[in-house]
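Below is one structure, written out as structure tokens, with a few remarks after it.
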Amino acid sequence: MALGCDVRLPRSSSHATDSMETISDIKTMQDRCLQARAAGQTIAFVPTMGFLHDGHLSLLQEGRKRADLLVLSIFVNPTQFAPGEDLDCYPRDFERDEALARKAGVDLIFYPTAEMIYPSGYATYVAVEGPLTTTLEGACRATHFRGVTTVVAKLFLIVQPHLALFGRKDFQQLAVISRMTTDLNLPVKIIGMPIVREADGLAMSSRNVYLSPKERQQALSLVASLRQARSVVRAGETEAKTVLASIRQRLVQESELVIDYVKACHAQTLDEVSTVDAETVILLAVRVGKTRLIDNQLLAEEVN
Ligand code: PAF
């Protein structure tokens, strides 16, 4: 989340094939997907808020490999933003997204308006309850996950995918969506994909465009602190508080950076742990100027 609207747009890029369709109308999209299923096609789905980057493209690439029909949704979902967050200035560039989607082999883009998804009189929400949504991001952004699960449930009902792909950068979001999918018996396989990083290590995010060059430099301390934690664990440290202290120590070297949380949690339950092991994920959220960034590291995994 960024609290300001100072967006730095990257250069746009061009594309290849012509068979891609963009559909905004819900009924048309639903019918198109139901027809594909009836014809025996499998559907891979990548839900996004647009302003695509290489992280999204890695999801599309994997979806392309795994199914007959590749569907991308682009929808900046108002219900997952709290008042004062960056809904109005969230970066948007549909033409650029369309070009990137075409190049990635997307068959259908679902591009609805907010009024279509939440028409007048809309009153139904899907919420995962308990610690999975009240800790970490949920503690900082009280209504965020309810907005995410509501829109993802709606998108699943519209697109009817066999599988849906999400990035592990939003580690808690992936856990919450997996919980919702299991609890509601939705016939969708949820696939979590590795974090994609810039060459200098910064985790890819549409919000990185908010960062000034100086802030971007400071933001590198997120990945640096996670790499440091990995070395501390490799050297034999198992006490979570010692590992977390080393991360905080690295982060506070950047004077303009404000830590929201740094936690060691069990990768499945997201319960906090006091001893770290291969099942542990370190999660952090930091504010750099007006921009809020998150990152994480599964200890079982090499830091990329
Ligand atoms: O991760 C995102 O971009 C969004 O939270 C999602 C899953 C598309 C729901 O709006």
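The values are calculated or read from the model by the stated rules, or taken from the named source; none is laboratory data. Owing to the predicted nature of the structure, the values given are computational and were not obtained by experimental measurement. Cβ sites come from the backbone with ideal geometry, for glycine too, and all protein chains shown count toward neighbours. We work out accessible area using only protein heavy atoms, side chains counted, and drop any ligands, DNA or RNA first. Shrake-Rupley method; radii C 1.70, N 1.55, O 1.52, S 1.80 Å.
Neighbours of L220 by Cβ distance under 14 Å: Lys/Arg scored +1, Asp/Glu scored -1, total -1.
What Kirkwood radius, in Å to one decimal, follows from the Cα pairs of the range 37-97? One decimal place: 13.1 Å for the Kirkwood radius. Counting only protein heavy atoms and a probe of 1.4 Å, the accessible surface of the chain is 50% carbon and sulfur. Comparing the chain with the 2.2 N^0.38 Å rule of thumb, its C-alpha radius of gyration ratio is 1.00 (two decimals). To the nearest 10 square angstrom, how much accessible area does C140 have with a 1.4 angstrom probe? C140 exposes around 60 Å² with every protein chain in place. Here the contact order of the chain, divided by its residue count and restricted to Cα pairs under 8 Å and six or more residues apart, works out to 19 percent. Think of the chain as a dipole: +1 on every Lys or Arg Cβ, -1 on every Asp or Glu Cβ, centred on the Cα centre; then among V223, L211, P47, V223 lies furthest on the positive end.
List the residues of the range 192-211 whose backbone N lies under 12 Å from a point placed 7 Å from the Cα of R227 along the Cα-to-Cβ direction. Taking a point 7 Å out along Cα→Cβ of R227, the residues of the range 192-211 whose backbone N falls under 12 Å are 198-203. For the chain, the Cβ-based charge dipole about the Cα centre amounts to some 240 debye (Lys, Arg positive; Asp, Glu negative; other atoms uncharged). Estimated from the Cβ-Cβ distance and a Förster radius of 45 angstrom, the FRET efficiency linking E239 and L87 is about 0.65. Taking Cβ atoms as reference points and 15 Å as the exclusive limit, the residues near V273 contribute a net charge of -4, counting Lys and Arg as +1 and Asp and Glu as -1. With loop membership from DSSP and a limit of 12 other Cβ atoms within 10 Å, the longest segment of the chain without GluC sites (Glu not before Pro) is 1-128. Average accessible surface for the chain: 45 Å² per residue, computed with a 1.4 Å probe over protein heavy atoms with every protein chain in place.
Across the chain, the longest run free of exposed loop sites, meaning trypsin sites (Lys or Arg not before Pro) lying outside DSSP classes H, G, I, E and B with no more than 16 other Cβ atoms within 10 Å, spans 93-289. Normalised Debye scattering of the range 115-189 at q = 0.18 Å⁻¹ gives log10 I(q)/I(0) of -0.74, counting only Cα atoms as equal scatterers and leaving out solvent.
Annotation: lysines with alpha-carbon distance below 30 angstrom to K263 (same-chain offsets under eight excluded): K169, K189, K214, K241, K290.
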